[in-house]
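Here the structure comes first, spelled out in structure tokens, and everything after it is commentary.
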């Protein structure tokens, strides 16, 4: 008996010919757009993008209809529009990242992370002074705001999803209203209700309080969504095993929603890490390193960026761009750390 | 009597000869007296009185929506988790009403375990942790956890399949294995009564058979109440059968008796129509 060698195949994948057609469509559209931009009044990158999107959509649809008939018309138009939509969303994100990296990298130098602005001015050349005080300030702000908002947000979410006690509807309404509060109002609120009348003056802790006001609704609403995704069966199974509601929530519901709750925390940090407006009234904006968040002014990276931006000289603008780059890298590394530490136990 | 019903009766007879119902010497069992259940103003279950002798298996049969599940959920007080739910009547466990004021409801649920229709192992725990989760949840003290773990898995008929991967996540098991894991989990807290709400309805015939063997094994040491839509299953595993029916209004219990009699000589014509497959 002869044995037939069977090779694994993927007949649903695009053939080289299909890929060639797609590449041809893209190349042809790019070429036609280029000619249009060069030969007519349509000028610049935007003109090119508009032409490219229109021409490539039309070509793609024509190719699709020729291959699969009229039925493919709607399908091809829809998928082209979806690709265009995705590109339009990604474009600003990548151009911001590109700008921050290219412009910010020029100002990177070793003493940036070891020195403060205590003996330097924003108008000095970039290699004088550093942003250590702002980096430390931002870490303090994020940590204190997290210590306040994460437990409060998750407990509120648990009240709204698990206990559904009295006033749940009203609390839900307040949380929704809070997520719409302009960030400067949060700063003003802490300024009038804490800094003016309590012993806590403008400081890192006061700034963190203002940020917590912004972070709590984000953490609460995201946590609520993920807790609602935990199947009701699991709660019943826990209760049927003779557990109290508290035990069921703590040992079954929260661990099952663990990854989602970490995401809620990350989204909360993302909401506040770049905020400048609430800090203007609340942290003072020191130029020297201050390790005590409860006494005296502190700085923060967004504050440092803002200060450099308003001065407007080439040196101060360079400082602002470098501050933006450091802030981006800091937030990104916090997210990666949270994902790796949080994702460990679940395995897959 | 048509063929389907008489073949059911044959199975049932074999089972009845294996065991004389109600003879197991433990506790005083479980008794429901005049149980009613409401959802909001809708009366879902009316006046059910049933006596479950210790060490017997009772099957609850009847068409969907006749209140079987609602009834067993009143027994371990899971009914009250539905926000608009209400009930009337008494459920006596060893002579004490589980609804009496001052009763610790978590203790009731430790004594009356439950297995649900859909397998629901805890996804954040390993196989071993799942089995012992009741111990952790109810904060019980156990001398030898490994011994208990093995005992529960052996009794649930799962030990040989999982003994080498107790540290693996429960999500990797098949549906039938997951359901036996859930049975093992409810055994770990040593309940006197085990409620099973259509435990095999999501499983293939092979897994169903394994669970039925498990039920027969468990019935030597505990009282089991099983809701099922599968009449062969009721005939195979139970000593007694109760037939529930809702005729437009609230669900009521039409008839209860030794399983052999319900399937061969039902007193009520509605029971006979149901077990012979003429409706439902």
Counted residues, segment A:285-325 - those being closer than 12 Å to residue A:137 by Cβ and part of a helix (DSSP H, G or I): 5
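Being touching a residue at least 12 places away in the same chain (Cβ under 8 Å), within 14 Å of the chain's Cα centre (by Cα) and surrounded by fewer than 20 Cβ atoms within 10 Å (Cβ to Cβ) is the requirement here; does residue A:327 meet it?
Answer is no for this residue.
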Residue satisfying all of: in segment B:130-175; part of a loop (DSSP other than H, G, I, E, B) and facing chain A (nearest Cβ under 10 Å); farthest from residue A:237 (Cα to Cα) among these: B:168
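Test residue B:89 against the stated conditions and say whether it is surrounded by fewer than 21 Cβ atoms within 10 Å (Cβ to Cβ) and away from chain A (no Cβ under 11 Å).
yes
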Residue within segment A:204-211 that is in contact with a strand residue (DSSP E or B) (Cβ under 6 Å, 6 or more places away or on another chain) and in the same structural domain as residue A:143 (by TED's automatic domain parsing) present: yes
Lone qualifier among B:74, B:56, B:106 - being farther than 18 Å from residue A:242 by Cα and either within 13 Å of chain A (Cβ to nearest Cβ) or within 19 Å of the chain's Cα centre (by Cα) (or both): B:56
Scan of segment B:251-278 for residues that are in contact (Cβ under 8 Å) with a residue 40 or more places away in the chain, under 28 Å from residue B:38 (Cβ atoms) and surrounded by fewer than 19 Cβ atoms within 10 Å (Cβ to Cβ), ordered by number: B:252
Condition check for residue B:203: within 25 Å of residue B:66 (Cβ to Cβ) and at pLDDT below 90: yes
Filter result for the condition that a residue is under 30 Å from residue A:125 (Cα atoms) and assigned to a helix (DSSP H, G or I), over A:99, A:49: A:99
Tally of residues being touching a helix residue (DSSP H, G or I) at 6+ places or on another chain (Cβ under 7 Å) and more than 7 Å from every other protein chain (Cβ to nearest Cβ) across segment B:114-125: 4
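The values are calculated or read from the model by the stated rules, or taken from the named source; none is laboratory data. As the structure is a prediction and not an experimental result, all values here were calculated from the model. In this analysis, Cβ positions are derived from the backbone assuming ideal geometry, glycine residues included, and neighbour counts consider all displayed protein chains.
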